[in-house]
Amino acid sequence: MLEPVLEPMSNHMALWSLALYAASFVCYARILYAPQVWLGRLASLLLAAGLAAHYFALLDRSRATHMVPYDDLYGSMSLFAWLLAVTYLALEMIHRQRSVGAFVTFLLVVWIALLDLAPRVISAPPPAHGALFALHVALDAWAYAAFGLSFVLSLVYLVQDRMLRSRRQGAAFWRFPALDVLDRMARSSVYLGLLLLAFGVVSGFIWQHRLTGSFGLGDPKVIVTLVIVAVYMAYLRLSRSAGWRGARAAGMCALNFAIVLFSYTFVNLYLTRFHDYF
Amino acid sequence: MSTVSKPTHPADSTRVRIRLALVGCNHRTASVELRERVSFTAQQAVEAAAELRRQGILEEAVVLSTCNRSELYGVPGEGFAAREDGSAIADEMEAFITSYHGIPRADLSGRIYRWTGADAIRHLFRVASGLDSMLLGEAEILGQLKTAYGQALDRGLTGPVLNRAFQGALEVGKRVRAETEVGARPMSVSLAGVKLAERVYGNLKGHAALIVGAGAVAEQVIEHLCNREIGSLQVVNRSFGHAVELASRTGGEPIAWESLEKALAAPDIIVTSVSTAGVVLTRDMLNHALARREGRPIFVVDLGMPRNVDPDATGLYSLYLYNIDDLGEIVEQNRRAREAEIPRAEALISSHIAKFESWRATLEASSIVDDLRGRFRQDRDRLLRERAGRMENLSVEERERFASVTNDLIERILETPTTRLRNGGQMRGRLAAIEAVRHLFGLDDSGEGVGPGAGLDKDQE
């Protein structure tokens, strides 16, 4: 049963988070061309502030609608964006590398802007709640965020590779991480995504079994998820083989994310029976 | 015994001279022959700075001498402090250079630049930033500046002004390199090749390299690679003897020319510089090497002329090939990019000069107030001496009270100017006000005893 839901960007916090992410993007983009230490720090600070505002936006919305973020596509996409930003910020702190920030925050801004296009309805709430269900959804959303990050890293790889081969290096070229670093970061993200997805899927199966006595293996969402696992496993395998290692593998990794998006949106909205909530 | 209590002021023990003076020559003003004649070894630089202090020419001194410049930086000594135009101190510093090196003064005529005050600071900051270097933005100068300053500092040859100036220079030098493109991109063919390899592999530490041929540029590439602690270096040459010789100099491993094709699979970086005509590495050879590497990329720098690597190899997947023209074009792009960044670097320098000037203004303010106090007391004492006959009937107590009251009056008159000179308004305005006060009260005429210690107290002691 579908019911209307609150205006998605109704609260100020959501707008604040979008504004902060956009400001952060401007700073990250600027440091690619005119690197300044204070500007880089400001970019990270704005991203962190955006994350905080985003968190309160999610919290406010959950309180107002009496539901967890993943009950509808809007909330789920919003949660995804938040997890993506958190994961990126952690990677940035670990690698002390801000040159990918412009791409990640650009994706964030576009993603959040697209939230308004998400259907403003929620499905009937799932038949049961609980820690296991929450774990299932959170792990899967986090896995998708990790795949999202590998998508961004692979795109940067392709841009960098193209610049190297074209022999015309722009100002940003000398600021990007090396191809090898991007490749390893993308693979790490995919490993993380697969690991999270594995735990997420297993917890989902257990929860489904407890609820219905079956595993719901025939559900299109499950099938598409298995396809996702397969294509990312193939990427991990091919990215270390002759003929694929490098740009082709990066292209494959970027394309794989299209299947994640397909699973996230179209499958959830139109195909699945058990996953018409998010 | 003093009849009047002395004013307590933190700066009243020294009168601060804060004008910086600089005399020197560089690659723009002097030929290499002349630069050689006026250059200082590290030891000589320290000795010369000490000598400049000993002779009273400079109070603080640092001598910077590199292959492209010899410069004396310093704070004028007592005798030159009050001379505002700076020509006397510059003459003296120039004379020192000629006498130290034993060269006729005429040889330096027109070859020397002389700066004082903010101009000297700007020059120092531009030098530190690499803007005054022959190779725009080069990094070595910052290290050389740090060393020259460090040695002078260790010997106690610097003071508050040079410490502040050189620390500011090191800071601005780092900032210009970190925040602008002035020093960011490689400016030589050899370094461009290595930097491009880093765009593929990241840190080159532990990677393997193969050098084919032994051209001069290849040796520069080897030097850059060794600086990055590459894992292994193989050298191959048509003449095995040359390969052995180059390998022994660079810590590499010589291999026979016949083993070249077999050796291609191991290295991540291949540098070719074979002078004889013809292609040395064919597309097929490189393709086989890539196949044996399971797709791991090979980065090839072809420094040969004519080219040593088959141009068709460019299309091979996982192969990054750059010839001498490609690298030359990249260096040219980088040169243009560096030049385009000069205004931003200059803006950074200006902001640091403003910081230095602000510090100078604060210090000057303390100094000028002390000078003013000295001047007022001196005038009061002169007046008292002139009127001494009319004050004979005053008792000691009355004289003491009179001195105390006039001291209080002087302090009250100085109260507002002190506050305004130290804290008020823009730095530029404060410096102008300081100069105006100096001029209005005749404090810039000479050092004739005007100072915090001058006045009634000293006379009566």
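What follows is calculated from the coordinates using simple rules that are stated; it is not laboratory data. This one's a predicted model, so the numbers in the text were calculated from it and none came from an experiment. We place every Cβ from the backbone using ideal geometry, glycine too, and count neighbours over all the protein chains shown.
Observations, loosely collected:
- Fewest-first ranking of A:Ile259, A:Ile228, using other Cβ atoms within 10 Å as the exposure measure: A:Ile259, A:Ile228
- Projecting label points 7 angstrom from Cα along Cα→Cβ for A:Arg168 and B:Asp325 puts them 1.6 nm apart.
- Beta bridges by DSSP in chain B, antiparallel share as percent, to the nearest 5: 45 percent
- Remark: C-alpha extents of region A:143-249 on the principal axes read 60, 26, 18 Å, sorted largest to smallest.
- Cα pair count fraction exceeding 37 Å, expressed as % - chain B: 49 percent
- Cα-Cα pairs of the protein assembly as shown separated by more than 46 Å (percent): 47 percent
- Residue mean of other protein chain beta carbons inside 10 Å, B:294-300: 4
- Reference-scaled alpha-carbon Rg (2.2 N^0.38 Å with N residues) for region B:142-254: 1.47
- Acute angle (nearest 10 degrees) that the helix B:117-129 long axis makes with the longest principal axis of chain B, alpha-carbon atoms: 20 degrees
- Bridge type composition, the protein assembly as shown - antiparallel percent by DSSP, nearest 5: 45 percent
- The convex hull drawn around the Cα atoms of region A:218-260, when projected onto a plane and averaged over every direction, covers 2.8 nm².
- When each of A:Met252, B:Met134 is scored by the number of other beta-carbon atoms lying within 10 Å, the sequence from fewest to most is B:Met134, A:Met252.
- Here each label is just a point 7 Å from Cα along the line to Cβ, and for B:Arg336 and A:Val227 those points are 4.7 nm apart.
- Taking Cα atoms only, the orientation of helix B:87-101 departs from the longest principal axis of chain B by about 50 degrees.
- Nearest 10 degrees, 0 to 90: helix B:283-292 Cα axis against chain B principal axis: 80 degrees
- The largest-to-smallest principal axis extents of the Cα set in region B:259-380 are 98, 28, 23 Å.
- Cα-based Rg / Dmax (Å) for region B:49-162: 14.0, 39
- Annotation for B:Cys226 and A:Ala34: the two label points, set 7 Å from Cα along the Cα-Cβ direction, are 4.1 nm apart.
- Residue order for A:Tyr74, A:Tyr157, B:Tyr113, A:Tyr191, fewest other beta carbons within 10 angstrom first, comes to A:Tyr191, B:Tyr113, A:Tyr74, A:Tyr157.
- Straight-distance crosslink candidates among aspartates and glutamates, where the alpha carbon sits under 12 Å from B:Lys205 and sequence neighbours closer than 8 are dropped: B:Glu229, B:Asp268
- Packing-based order for A:137-143, B:31-37, B:437-443, using average beta carbon neighbours within 10 Å, highest first: A:137-143, B:437-443, B:31-37
- Mean partner shielding of peptide B:179-188, defined as the number of other chain Cβ atoms within 10 Å of each residue Cβ, is 3.
- The Stokes-Einstein estimate for region B:222-293, based on a Kirkwood radius over Cα pairs and taken at 4 °C with 1.567 mPa s viscosity, is a diffusion coefficient of 99 µm²/s.
- For the segment A:177-184, counting C-beta atoms of other chains within 10 Å of every residue's C-beta and taking the mean gives 4.
- Chain B - percent relative contact order, Cα under 8 Å, separation 6 or more: 16 percent
- Of the two radii for region B:329-390, the radius of gyration is 1.61 times the Kirkwood radius, both from the alpha carbons; that is the Rg over Rh value.
- Shape of region A:188-272, Cα gyration tensor, a/c cut at 1.5: prolate
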